[in-house]
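Right, one structure below, let's go through it.
Where a number appears in this text, it was derived from the coordinates with a stated rule and is not lab data. These numbers were taken from a predicted model, which means no experiment stands behind them. FYI the Cβ positions are ideal-geometry reconstructions off the backbone, even for glycines, and counts take in every protein chain you see.
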């Protein structure tokens with residue numbers, strides 16, 4: 001793979017960043033295990049509410065009283081009653097009334113969504129609602145999903161051109177998980193007599209909602225009264241379609257007995273987890289995932305049954321990690337490499353055989369994605385070291401032969417290894433253009449940083465979008481150095497002197513008696529876990545009783561560890577590079593950062609440690 005450094009060292013308006021020497025550089029990327037900061041007031045409230053000491057510790061290590069958008073009870077016991085009414089969404093009723101009119105008047109309706117899991121699940125919610133609950137004939141609904149590589153993100157010009165060729169042409173398009181930053185393309189559709197209802201959750205541009213949209217339903221709007229702006233795009237779509245159902249019933253177009261959209265919360269749960277929106281202080285997101293998992297585990301849809309069959313009987317019941325690390329990557333892999341409709345067909349399959357067949361395609365793509373990812377990550381890490389030697393606070397790398405569909409995963413890997421925000425650029429389908437994906441850390445709002453970079457150098461970043469933790473960019477190849485300079489300055493303004501080590505945040509230690517399935521049960525009562533409410537991670541010193549490399553390439557370590565009189569199995573994924581030998585052996589003591597895991601085998605359960613990091617003492 002041919003690779004190119006992103007640019008020469010950057011001079012910022014605040015002063016030139018000093019190049020670190022090798023010792024400083026090595027120290028800056030060493031992993032640091034650090035105890036979580038505990039909000040003492042929340043800790044005491046948790047104890048008063050009946051939580052155990054360990055549960056209160058976990059809760060207060062992730063949230064503060066100020067960060068909670070809902071009462072403690074709503075976060076601890078998520079329920080449907082905690083989902084706020086869609087009427088509170090700005091433009092919600094206007095959007096719902098327009099959808100209702102299209103349904104009543106027999107208009108042709110286009111559903112236009114992003115190609116990732118959030119977009120695909122949004123598509124399923126809207127399509128099933130229109131056709132199964134609102135009785136819109138399938139031949140009056142157009143499914144529009146952009147191709148990641150050929151079309152690009154959002155309401156792209158190629159998608160607009162495709163819409164113009166449809167016959168009959170839709171008179172209404174409803175978007176999900178995109179559209180907020182696409183005013184230029186929306187204007188073209190409006191001029192052609194096509195009205196667009198935008199539903200989205202990405203940050204709006206500085207000028208506000210797109211002027212050419214008939215309605216823009218987005219909880220990040222400054223004038224929106226909805227109490228939680230962190231909900232996923234699929235949840236915005238679900239709320240909008242729920243409100244459209246209400247409007248159709250009010251108008252007498254649907255009977256009051258028309259089923260609610262509650263069963264579709266299974267799809268919303270998947271999209272919410274896979275899109276990495278906050279599961280911290282958001283009672284709505286926690287309720288959606290909790291209720292959705294309950295629905296999923298009833299295994300009433302072929303897609304859930306096919307996945308359970310593929311993962312094995314011991315994978316049920318699914319939890320948030322199953323959605324994040326098993327279902328999400330398979331659905332995303334399809335759009336990363338090829339036509340995204342196979343993922344939609346998998347989610348919509350009405351027969352088990354069709355779901356299995358579609359899942360075969362997704363599995364094959366996921367394996368291909370892993371191979372491409374491994375090569376790109378290796379190249380990106382080398383370039384990232386050059387970026388760090390230049391003193392950069394945000395890593396920007398250009399992979400000249402990189403696959404654009406895997407940029408976001410590679411950026412995530414860089415963030416994990418180096419503790420810095422990262423942007424990965426690759427050539428776009430349009431000659432002379434680059435496309436890129438970025439991932440961030442807690443201290444940097446990536447979308448705001450990109451807006452600042454655009455303000456500093458508009459020619460260096462003509463197109464961008466996203467939110468706090470993830471974003472996408474498009475720019476001319478010749479402006480790459482200009483973009484890099486601008487984003488470095490924007491990052492420096494936000495980060496200041498913040499230390500940028502890859503951190504492993506610990507919830508403290510567990511004693512011998514706590515290494516049990518009962519402790520895991522205690523922890524799981526706080527689920528769901530996800531972004532900003534991560535699964536508990538503990539630290540401790542264990543002696544190695546046995547170890548052996550496992551996996552096809554020998555990069556994982558299977559171990560048996562002991563703490564006092566307790567012996568316990570442990571697994572450390574990606575502990576080694578291919579051909580590497582462990583730096584420790586039998587009888588050595590390891591300082592481990594680990595999670596408790598439930599190992600199921602032939603109907604029996606045992607406790608297992610999942611190591612995140614380990615260092616010989």
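Start at zero, step by 5 Å, and the Cα-Cα distances of region 268-310 spread as 5, 24, 26, 21, 14, 8, 2 percent across the bins. Taking other C-beta atoms within 10 Å as the exposure proxy, 151, 339, 177 rank 339, 151, 177 from fewest upward.
When 596, 498 are sorted by how many other C-beta atoms sit within 10 angstrom of their C-beta, beginning with the fewest, the order is 498, 596. For residue 49 and residue 313 in one chain, what is 0.36 nm times their gap in residues minus the Cα-Cα distance, to one decimal in nm? Length gained between residue 49 and residue 313: 91.4 nm. The calculated 222 nm mean residue ellipticity attributable to helices in the chain amounts to -11500 deg cm²/dmol, summing -39500 (n - 2.57) over DSSP H runs of n ≥ 4 and dividing by all residues.
Legend: Rg and Dmax of region 80-275, from Cα coordinates, 15.2, 44 Å. Neighbour counts of other Cβ atoms within 10 Å put 325, 346, 418 in the fewest-to-most order 325, 418, 346. One way to sum up the overall shape of the chain is the equivalent ellipsoid from its Cα gyration tensor, whose semi-axes run 39, 31, 23 Å, largest first. Taking the inverse of the mean 1/r over every pair of distinct Cα atoms in region 568-617 gives a Kirkwood hydrodynamic radius of 12.3 Å. Beta-bridge orientation, the chain: approximately 65 percent antiparallel, per DSSP, counting only bridges with both partners inside. Working ranking of peptides 72-85, 237-250 by packing, defined as the average number of other Cβ atoms within 10 Å per residue, highest first, is 237-250, 72-85.
Its residue count N sets the reference 2.2 N^0.38 Å, and the alpha-carbon radius of gyration of region 497-573 equals 1.33 times that reference. For the listed peptides 113-120, 374-381, 276-283, a ranking on the average number of other beta carbons within 10 Å per residue, highest first, reads 113-120, 276-283, 374-381.
Note on residue 481/residue 610: beta-carbon distance plugged into 1/(1 + (r/R0)^6) with R0 of 45 Å gives a FRET efficiency of 0.60. Estimated at 0.36 nm per residue, the fully extended path between residue 560 and residue 207 surpasses their Cα-Cα distance by 121.3 nm.
Cα convex hull of region 415-503: how many Å³ per residue?
82 Å³
So if I take the centroid of the Cα atoms in region 374-411 and the same for region 571-613, what is the distance between those two points in Å? Centre-to-centre distance over Cα atoms comes out at 28 Å. For the listed peptides 215-227, 404-416, a ranking on the average number of other beta carbons within 10 Å per residue, highest first, reads 404-416, 215-227.
Calculated translational diffusion coefficient of region 319-396 (25 °C, 0.890 mPa s; Stokes-Einstein with Kirkwood radius over alpha-carbon pairs) equals 170 µm²/s.
Shape analysis of region 297-339 yields a ratio of the Cα radius of gyration to the Kirkwood radius, Rg/Rh, of 1.00.
Mind checking the log10 I(q)/I(0) for region 312-442 at q = 0.10, 0.14, 0.17, 0.21 Å⁻¹? Debye, one equal scatterer per Cα, no solvent, two decimals. Relative scattering, expressed as log10 I(q)/I(0), comes to -0.39, -0.71, -0.93, -1.18.
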